[in-house]
Structure formats: structure tokens, C-alpha cells
Amino acid sequence: MSHPRLENVNIKSVVLLATPRDMQQAVPQTVATLSTVLKGRETIEHILDGDDPRLLAIVGPCSIHNLEAAEEYARRLKALSDEIAETIYVVMRVYFEKPRSVLGWKGLINDPYMNDTFHIEEGIRMARHFLLRVAEIGLPAATEILDTLMPQYIGDLMSWSAIGARTSEAQTHREIASGISTPVGFKNATDGSLSAAVNGMLSARGPHHFLGVTEDGLPAVFGTTGNPYPHIVLRGGKGPNYDADSIAECEAALRAAKLPLNIIVDCSHSNSDKKPERQGVVLKDILAQIERGNRSIRGFMLESNLEWGSQPIRDPKDLRPGQSVTDACIDWPTTESLLREAHARCKTCMSANARPS
């Protein structure tokens, strides 16, 4: 028997949601999409193991708000990815959920029509359809794990996952990271400290038991074996942390924790002071470190869209389709230029380091 004065006091509505299995059957994988996702995961694992000398590049919009523009972006990125594939492995950043410290738009899944109607089931369906299109194009996808149930709905379409700066020290997200099927990057804390990410990696490598929901929507206790591929993502804090001294400090922290020296550098966020024009500065600095012999930097992240900058959220019909509504992004021509420069410089490095047969 429920007790209205004790339960759901602050709940104004409850809307039933399709189960993960229902959603996967309604928007199913294909042979082609399965191949893209699996190849993506395996390639990223080889890069983190050091068996693949290429850099991992996680590139794409800060958030997805217009699916047609995002698909146009994906097609351009795939063409460029093929061009630079010898030295750089490109994964598209596909973020449907946005963390909020106060209030604001929480992303396409939470509010797909950007009008506070919160048709979350429609948002999940739209997200799956889009991820299938990206995989059919031939691009692996990356996202941030925010809502703890969402991996059951879209995780089968992801090749890389991130635990954000605000959730790296959360026990729930560490437990989920130990069980997800993709390599997972832990971002350093918003103040720049490394301990939350390092401890998160240690936790994710170990076994856990936690509460979750099955594909059929039933509550269950999940037991995990631990994720063998957690790694750190440097995103800056009170100041940037992509420079050589900061990379050396991170390497020391990883060694002390007996963790692999695998570092991804986020060229945006606090590393660029959220100024898109500084993302190129960050990327060129880490490329120079690699040219000087650094082998712990395994890849980088760029926030990129069709158009430069960002725009405030307003009536959706008045929004520019290819311009960010969250963090300011670099535009497509800048993205092309930076990735081609990275390719050329990495190609020179790889040639210099090649051993004669």
C-alpha cells in the first residue's frame, strides 16, 4: 500500500518507458553497424595496448541538437577519416546528454524538441536511429555516460565511452564503467586534480556488484569482471594540463597507481579556456611532445561542428543547424586543417621511428 504523505511527495508525473529490448528491436543493429562498432572497439583497444601506433582522435560537436546537420558532419568526417587513416583513427563524438550544475537543456535524449516537453522515449529512439546512421556511414561513435540507465539503450552502438569530470569520483559511474563493453576514459576533476580519475580507473578495473535494469526492464543485481581498458582524459582545471610538465605529472600518477601510461588530451574545456581558437594551440603542443618522443599520449579530443562558435538556445526553428548550442566549437574548415596537419606530422614521426626490416 502506498502512503501519499510519505512517498513521491515531489513527483508530479510518472511516464512508463519502453524497455531497452523493445528499443533495440524497434531500432535494430545491422550486419554493417555491428562491424563498425566492433572494429571501433578493437582498434581503440589496440591503440591503448600500443599495438597500433596511430593516434586516437575523438572529434565532433559538443552536443547533437540537429540530426540532419550532424549527419552531414558525419559524412564529411568519414571522408576525412579515410584520408588520414594511416596515422589517425577517427571516432565521432556523439553526445546526447549534457551535465548541468544548475538548470538548462540536458541534451537531445532528455528534451529532443528543445521546448521542455521531455519526450525522453522519443529522444532515445532518435538517438539510436542517428547512431545507426553514423555506424552505417562507417564511423565509430563515442559518448559520455551520464544517466546510469542509458548504456542499456544505446551502449551497443558505442565504441568509446567517457566518464565526465563531475562524475569520475561517483561510485555509481565507476561501477558502471567496470561493466560497460567499451574502453572508457575518466576525465580529471574540474579543479584539475588527477586523483578522482586515477581512483576511478583503479575502481573500474576491478569487479563490482550494483543495481541496474535488465534489457527487459527488470531490476537486477549486475556483477562485473572489471573493465581492462580504463584510461585518463586530461581536460584542464583551474588552468590547462596539456603541457609537458602536466603530462609528466600525470605519467607519474599513473605509474604510482600501477596503471598503463595511456593519456588522452581534451583540447577543449579548461585546456582551451573554452575558446575554440585555442584548441589548435593545444593540439599542436601535444603533437610537438610526440615529436620529441612522448609515447604516453594516445590521442586527443576536439569539439568541432560545421560552423564556428556557439549560439544561445531559443525557438528551435530559429537555430542554426550546424552551430553548437552548448560549448563553442571550431568549424569544419579548421577541423580539416588541424587533422591534416596532425596526419602529416604523425606520418613523419612514424617514418622516423620505423625500424628497418
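Summarising the amide proton neighbourhood of Ala162: residues at separation of 5 or more, or on other chains, whose placed amide H is nearer than 5 Å comprise Thr143, Glu144, Ile145, Gly185. Average projection, convex hull of the Cα set of segment 156-227: 4.7 square nanometres.
Share of carbon and sulfur in the accessible area of segment 147-258 stands at 53%, probe radius 1.4 Å.
Over the residues of the chain, the helix contribution to mean residue ellipticity at 222 nm works out to -12000 deg cm²/dmol, using -39500 (n - 2.57) for each DSSP H run of at least 4. For the chain, take the longest principal axis of its alpha carbons; what is the angle in degrees between that and the long axis of helix 120-137, to the nearest 10 within 0 to 90? In the chain, helix 120-137 runs at an angle near 30 degrees to the longest axis.
Averaged per residue, segment 255-332 has 41 square angstrom of accessible surface, using a 1.4 angstrom probe with ligands and nucleic acids left out. Please give the helix 244-256 orientation as an angle from the longest Cα principal axis of the chain, in degrees from 0 to 90, rounded to the nearest 10. For helix 244-256, the angle is close to 70 degrees. For segment 15-103, the alpha-carbon coordinates run over 48, 33, 27 Å along the three principal axes, in decreasing order. With all pairs of separate Cα atoms included, segment 75-150 yields a Kirkwood hydrodynamic radius of 13.8 Å. Solvent-free Debye calculation, one equal scatterer per alpha-carbon of the chain: log10 I(q)/I(0) at 0.08, 0.14 Å⁻¹ equals -0.38, -1.20.
Summarise the accessible area of segment 66-142 (1.4 Å probe, protein heavy atoms) by the percent that is carbon and sulfur. All intermediate terms of the calculation are to be shown ahead of the outcome.
Numbers: 1510 of 3120 Å².
Its accessible area is 48 percent carbon and sulfur atoms.
Put the Cα centre of segment 303-340 next to the Cα centre of segment 21-63 and the gap is 23 Å.
Magnitude of the charge dipole for the chain, about its Cα centre and with charges confined to Cβ atoms of Lys, Arg (+1) and Asp, Glu (-1), is about 460 debye. Most tightly packed first, judged by the mean number of other beta-carbon atoms within 10 Å of their residues, the peptides 173-179, 223-229 read 173-179, 223-229. With contacts taken as Cα pairs under 8 Å at a separation of at least 6 residues, segment 1-155 carries a relative contact order of 27 percent. Identify, among Cys250, Ala141, Leu17, the residue whose Cα sits farthest towards the positive end of the charge dipole of the chain, taking +1 on the Cβ of Lys and Arg and -1 on the Cβ of Asp and Glu, with the dipole about the Cα centre. With unit charges placed on the Cβ atoms, the residue in question is Cys250. In this calculation the C-beta distance from Glu291 to Ser181 is compared with R0 = 41 Å, giving a FRET efficiency of 0.75. Simple point charges give the picture: +1 on the Cβ of Lys and Arg, -1 on the Cβ of Asp and Glu, and for segment 84-218 a dipole about the Cα centre of about 320 debye. The calculated Kirkwood hydrodynamic radius for segment 31-182 is 15.9 Å, given to one decimal from all distinct C-alpha pairs. Rounded to the nearest whole Hz, the Karplus-based 3J(HN,Hα) values (6.51 cos²θ - 1.76 cosθ + 1.60, θ = phi - 60°) of segment 324-340 follow the sequence 4, 10, 10, 5, 5, 10, 6, 8, 5, x, 5, 4, 4, 4, 5, 5, 5, with x at glycine and proline. Taking the chain as the region of interest, the number of lysine pairs whose Cα atoms are within less than 17 Å, with members eight or more places apart or on different chains, is 11.
Sort 48-59, 6-17 by the packing proxy (mean of other Cβ within 10 Å over each peptide's residues), most packed first. Before the final figure, lay out each step's value.
Working: 48-59: 19.5, 6-17: 7.5.
Listed from highest to lowest mean packing, they are 48-59, 6-17.
Measure nothing but the geometry: give the 0 to 90° angle between the long axis through the Cα atoms of 31-49 and the longest principal axis through the Cα atoms of the chain, rounded to 10°. Result, in degrees: 50. Taking square-rooted eigenvalues a ≥ b ≥ c of the alpha carbon gyration tensor, is segment 106-180 rounded, prolate or oblate, where a/c under 1.5 means rounded and, failing that, a/b exceeding b/c means prolate? Oblate is the answer for segment 106-180, as a/c is 1.5 or above yet b/c matches or exceeds a/b.
The values are calculated or read from the model by the stated rules, or taken from the named source; none is laboratory data. For clarity, every value in this text was computed on a predicted model and none was experimentally measured. We place every Cβ from the backbone using ideal geometry, glycine too, and count neighbours over all the protein chains shown. For the accessible areas, the whole protein counts, side chains as well, though only heavy atoms, and no ligand, DNA or RNA atoms are used. Shrake-Rupley method; radii C 1.70, N 1.55, O 1.52, S 1.80 Å.
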